[in-house]
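Worksheet: one structure, shown below.
The values are calculated or read from the model by the stated rules, or taken from the named source; none is laboratory data. The shown structure was predicted, so the numbers you read here are calculated from the model rather than taken from an experiment. Quick reminder, even Gly has a Cβ in these numbers, built from the backbone with ideal geometry, and neighbours come from all protein chains shown. Accessible surface areas use protein heavy atoms only, side chains included; no ligands, DNA or RNA. Shrake-Rupley method; radii C 1.70, N 1.55, O 1.52, S 1.80 Å.
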Amino acid sequence: MTTKRAFVLGHPVSHSRSPMLHGHWLALHAIDGSYETKDVAPDAVSDFISGMRAEGWAGGNVTIPHKLAVMRYCDRIDDAAQQLGAVNTLWFEDGQLVGGNTDWIGLVGNLDEQAPGWDDDARNAVILGAGGAARAAIYGMLKRGLSVQVVNRTVEKARELAGHFGSQVSAHGTDETEVLLADADLLINTTSLGMKGQPPLEIDLSGLKEGAVVYDVIYVPLETALLKQAAAKGHRTVDGLGMLLHQAVDGFEHWFGVRPEVTPELRQLIIDDLVAKGQAG
Ligand code: ATR
């Protein structure tokens, strides 16, 4: 049997944690396979993708700055990647190269794991931010039947998203946050505010609906000031590390034929690496 190979395609790509987590699963399942970083400049992406079959790649992940560029070389784009406007996973299906986006699966899978039952009777999700992570969050919430209120400093960007995703999504300026929180079943921060080295996220959770779950997609630090404030008020909290782990599950299954699990051991492996590299916040 030939060795199955997968990649993470980026530029630069050396910082990626994907080799560590896929390497963990390959070893755990004793699979004859590899997961390699491919640092490819923008002008060489076309050649790389068209050479995938000949080079024996089963597929791979795509990261910055190629998430949009690879789309034109795919034979098919899945619905999520179309809606999010970005591909993060490539695989072959019936000989066709498929471009998909699993970020929303990571986001929702992480919620299911860390806050089981979060969507029982949940109606409203307030999402802070209007970038790529916000798109994944909106898509995931709509899939689970929630309405979404997008809050962004630049309200025009929130309006664009609301226009794109339809009538279940509304756009708001930061000044409306408090009013929205009173009726929120879920609060998700997708901005970079509160990340190590970034300005703090200024938000007052005192009016947040009782029982609401608070989710920060940031994982450096693991427990952001937002999550601390929420936990102190008795809310269930979800950190961003699980999103990174869960978004990888489908890709691994496509390339290597085994559906891997997100376990406490895997989570600890990545936390240890964050600590070792001084990135734990
Ligand atoms: P990603 O793709 O990771 O989601 P992004 O596209 O750069 O990242 O989006 C970053 C988000 O954080 C945006 O919603 C941005 O708000 P603007 O659209 O107004 O720029 C938000 N953000 C970043 N810095 C901010 C700040 N200092 N104050 C308020 N919002 C900020």
For the stretch 105-242, what is the relative contact order in percent, using Cα pairs closer than 8 Å and at least 6 residues apart in sequence?
23
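Which value in deg cm²/dmol, rounded to the nearest 500, describes the helix-derived mean residue ellipticity at 222 nm for the chain, given -39,500 (n - 2.57) per DSSP H run of n ≥ 4 and division by the residue count?
Numbers: 12 runs with 102 residues, N = 281.
After summing the helix terms and dividing by the residues of the chain, the value is -10000 deg cm²/dmol.
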Report, ordered by chain and residue number, the lysines lying within cross-link reach of K143, taken as a straight Cα distance under 30 Å and ignoring same-chain residues fewer than 8 apart.
K67, K157, K209, K228, K233
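Can you classify the stretch 105-242 as rounded, prolate or oblate using the Cα gyration tensor, where a ≥ b ≥ c are the square roots of its eigenvalues, rounded means a/c under 1.5, and otherwise it's prolate if a/b beats b/c and oblate if not? It would help to have the intermediate numbers written out before the result.
Numbers: a/c = 1.29, a/b = 1.13, b/c = 1.14.
In terms of gyration-tensor shape, rounded.
How large is the Kirkwood hydrodynamic radius of the chain, counting all unique pairs of alpha carbons, in Å? Don't skip to the end; give the middle numbers.
On the way: mean 1/r = 0.0511 Å⁻¹.
Hydrodynamic radius (Kirkwood, Cα pairs) of the chain is 19.6 Å.
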Taking H placed 1.01 Å from N in the peptide plane, check which residues at least 5 places from D119 or on another chain put their amide H under 5 Å from its amide H.
none
Compare V150, V213, V262 in a GNM of the chain, Cα atoms joined below 10 Å, and give the one with the largest fluctuation.
V262
Which value, in debye to the nearest 20, describes the size of the charge dipole of the chain about its Cα centre when Lys and Arg Cβ atoms bear +1, Asp and Glu Cβ atoms bear -1, and nothing else is charged?
380
Heavy-atom accessible area with a 1.4 angstrom probe orders M52, M71, most exposed first, as M71, M52
Amide H neighbours of L186 under 5 Å, at least 5 residues apart or on other chains, H built in the peptide plane: list them.
N124, V126, V213
State the Cα centre-to-centre distance between the stretch 14-56 and the stretch 80-148 in whole Å.
23
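At 1.4 Å probe size, put H24, H254 in order of accessible surface, largest to smallest.
Values: H24 45, H254 80 Å².
Descending order: H254, H24.
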At 0.36 nm per residue, minus the direct Cα-Cα distance, what do D204 and T3 gain on full extension? Give it in nm, one decimal, please.
67.1 nm
Per-residue HN-Hα couplings for the stretch 202-216, Karplus 6.51 cos²θ - 1.76 cosθ + 1.60 at θ = phi - 60°, whole Hz, x for Gly and Pro?
9, 8, 10, 8, 4, x, 5, 3, 4, x, 5, 9, 10, 10, 10
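Find me the longest stretch of the chain that has none of the exposed GluC sites (Glu not before Pro), where exposed means in a DSSP loop (not H, G, I, E or B) with at most 13 other Cβ atoms within 10 Å. Numbers along the way, then the final one.
On the way: sites that count: E202, E210, E261.
Longest gap between qualifying sites, sites excluded: 1-201.
Using a Förster distance of 51 angstrom, determine the FRET efficiency expected from the C-beta separation of E223 and A54, and round it to 0.05. Working shown, then result.
Numbers: r = 47 Å, r/R0 = 0.91.
Rounded to the nearest 0.05, the efficiency is 0.65.
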Label-point separation in nm, D43 to K233, each point 7 Å along Cα→Cβ:
5.2
Selection from G207, A136, T177, by position along the positive dipole direction of the stretch 105-242 (Cβ)
A136
Sequence-distant residues sharing a close amide H with L201 (under 5 Å, placed H):
G194
